[in-house]
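Every read-out reported here was derived from the displayed coordinates using simple, explicitly stated rules and does not represent laboratory data. Just so we're clear, the structure is a prediction, and the values are computed from it rather than from any experiment. Note that we place each Cβ from the backbone using ideal geometry, even for glycine, and neighbour counts take in every protein chain shown.
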Ligand code: MSP
């Protein structure tokens, strides 16, 4: 079976990571873990974008060299991902000499085959975005609408890429979903943009020293976005990492602001080089705070570390994905996150797990009894969760289904009142309830694994099992738990009292 390959953007290392970066990286981690649950082979790539004027300026502002700056923050990103239990297979840095060499060779090939030519480029540049802005992207008084800072007028000799040659091919690939862009609204947005017509783009900068020199003209360095986009390919074909990625990407996760780079420039570069294209680009929205995009430049960030301190590792992972449907914009605040945490995790899941284990201990000497699933409380998991088609758009519905499940199981306890059944000596019905709870908690533990691996492992450990002992095809109906002596765990997701 062909290996799946998922990527996140590589992050600029001018500052520490915030939850806007974490959400994409957690989502990729969840998808990979989900695929692996089904027995598929998958590769997960993330990394850091380390060249360009923006980083050189950030280093100058704090009086260190660009290399010192990128070493410091790249390490911070790696530490942050480790702390939130994100486990990439490859972490790529664009200052890795093997990546630099790969980029040089790639562009030399395009230059030799006349895809690149020398010309003049004039435009309005935003260093924050590392982008020449055109048309509606230029704000009032020649400012960047995103960064609210003045654009720089640049007129310089540059090497240009004949992207216009690929305009109609790219349109066709996107229209036909050969290059899938999701959500659907983003596909339409790109097609609309392509309708306006493309212009050849500069792939080099003359006065940016912190970059990869062009192999045929070292007065120029590679435009940072071209250098950055090529990371996905160099991780596969550039011998950059200990373990190389497969090719092509199954899905590339990005946020909506960097869609055009990925949906237009990136496929054009690949087509010019004769490489296969990614199968899908998925663009999510922004976390906002009081309606404003959360960003380092606006100074309104929440960090993954703050979430971990308050909600634990799994609480943080859960909230990043549950707070805002993956794909849309959404406002976050600690108040809102506290509410979701208490409702979904503390009162709902944490309470359920705790009650189930206490009741099995008390009413069944700690042994899961044999029994039948209580009618109406069975759960045909494969009908609710599309294992085969699980993708970025499945994340929120799956979390919703899980949450509904915790509620239903708590309701089972409320309705059947096992403490009454016990007192009345109604062993058969009591056994059925305890058996149902145990069986269903094993399914919950299995499905929760990609989202909250630590808690999922703990839930499964109560029933002396683990994810690799479970077959998803029989989830929800397996009776392997009968006769198991449970191993109670510490309460999960303690309630917050804000
Ligand atoms: N270095 C480029 C990406 C190159 S990929 C070949 C870059 N880096 S970034 O660090 O500025 O942003 C990385 C990603 O984080 C982008 O997809 C960006 O949109 C996303 N986010 C930054 N702030 C965000 C929010 N407030 N909310 C959600 N995602 C956000 O762009």
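Could you work out how far the C-alpha centroid of region 119-173 sits from that of region 353-425, in angstrom?
54
Grab the Cα-Cα distance for residue 164 and residue 188, subtract it from 0.36 nm times how many residues apart they are, and report the gain in nm with one decimal.
Going from the current span to full extension adds 6.7 nm.
If I model a spin label as a point 7 Å beyond the Cα along the Cα-Cβ vector, how far apart are those points for residue 309 and residue 427 in nm?
Simple spin-label model gives 5.5 nm for this pair.
Return the calculated 222 nm mean residue ellipticity for the chain, to the nearest 500 deg cm²/dmol, obtained by summing -39500 (n - 2.57) across DSSP H runs with n ≥ 4 and dividing by the residue count.
Working: 17 runs with 208 residues, N = 498.
Value at 222 nm, helices only, nearest 500: -13000 deg cm²/dmol.
Take each of the peptides 167-173, 305-311, average the number of other beta-carbon atoms within 10 Å over its residues, and list them starting from the highest.
Descending packing order for the listed peptides: 305-311, 167-173.
For a footprinting-style exposure proxy, rank 470, 92 by other Cβ within 10 Å, fewest first.
Values: 470 19, 92 24.
By the 10 Å Cβ count, ascending, the order reads 470, 92.
So how far apart, in nm, are the two label points at residue 414 and residue 336 if each is 7 Å from Cα heading toward Cβ?
Label at residue 414, label at residue 336, 2.7 nm between them.
For the chain, take the longest principal axis of its alpha carbons; what is the angle in degrees between that and the long axis of helix 19-37, to the nearest 10 within 0 to 90?
Value to nearest ten degrees: 60.
Rounded if a/c is under 1.5, else prolate if a/b is larger than b/c, else oblate: which is the chain, with a ≥ b ≥ c the root eigenvalues of its Cα gyration tensor? Provide the component values of the computation, followed by the final result.
Values: a/c = 2.54, a/b = 2.19, b/c = 1.16.
Since a/c reaches 1.5 and a/b is larger than b/c, the shape of the chain is classed as prolate.
Given a cut-off of under 8 Å on Cα pairs at least six residues apart, what relative contact order in percent is computed for region 1-149?
Answer for region 1-149 is 23 percent.
Quick one: work out the % antiparallel among DSSP beta bridges in region 217-337, nearest 5. Please list the in-between numbers first.
On the way: 2 of 9 bridges.
Of those bridges, close to 20 percent are antiparallel.
Which shape class applies to region 36-129: rounded if a/c is under 1.5, otherwise prolate when a/b exceeds b/c and oblate if not, where a ≥ b ≥ c are the square roots of the Cα gyration tensor eigenvalues?
Oblate.
How high is the relative contact order of region 211-312, in percent, counting Cα pairs under 8 Å that sit 6 or more residues apart?
RCO, region 211-312: 19 percent.
Going by how many other Cβ atoms sit within 10 Å of their own, how do 25, 7, 127 line up, fewest first?
By the 10 Å Cβ count, ascending, the order reads 127, 25, 7.
Would any residue of region 390-410 have its amide N under 11 Å from a label point 7 Å out along Cα→Cβ of residue 38? List them or say none.
390-392
Kindly identify region 14-79 as rounded, prolate or oblate by the Cα gyration tensor criterion: order the square roots of the eigenvalues as a ≥ b ≥ c, call it rounded if a/c is under 1.5, otherwise compare a/b with b/c, prolate if a/b is larger, else oblate.
It comes out prolate by the Cα gyration axes.
Which whole-number percentage describes the relative contact order of the chain, with Cα contacts under 8 Å and a sequence gap of 6 or more?
Relative contact order, the chain: 16 percent.
Counting DSSP beta bridges in the chain, what percent are antiparallel, to the nearest 5?
Values: 24 of 47 bridges.
In the chain, DSSP labels about 50 percent of beta bridges as antiparallel.
Subtract the Cα-Cα distance of residue 15 and residue 401 from 0.36 nm times their separation in residues, and report this length gain in nm to one decimal.
135.3 nm
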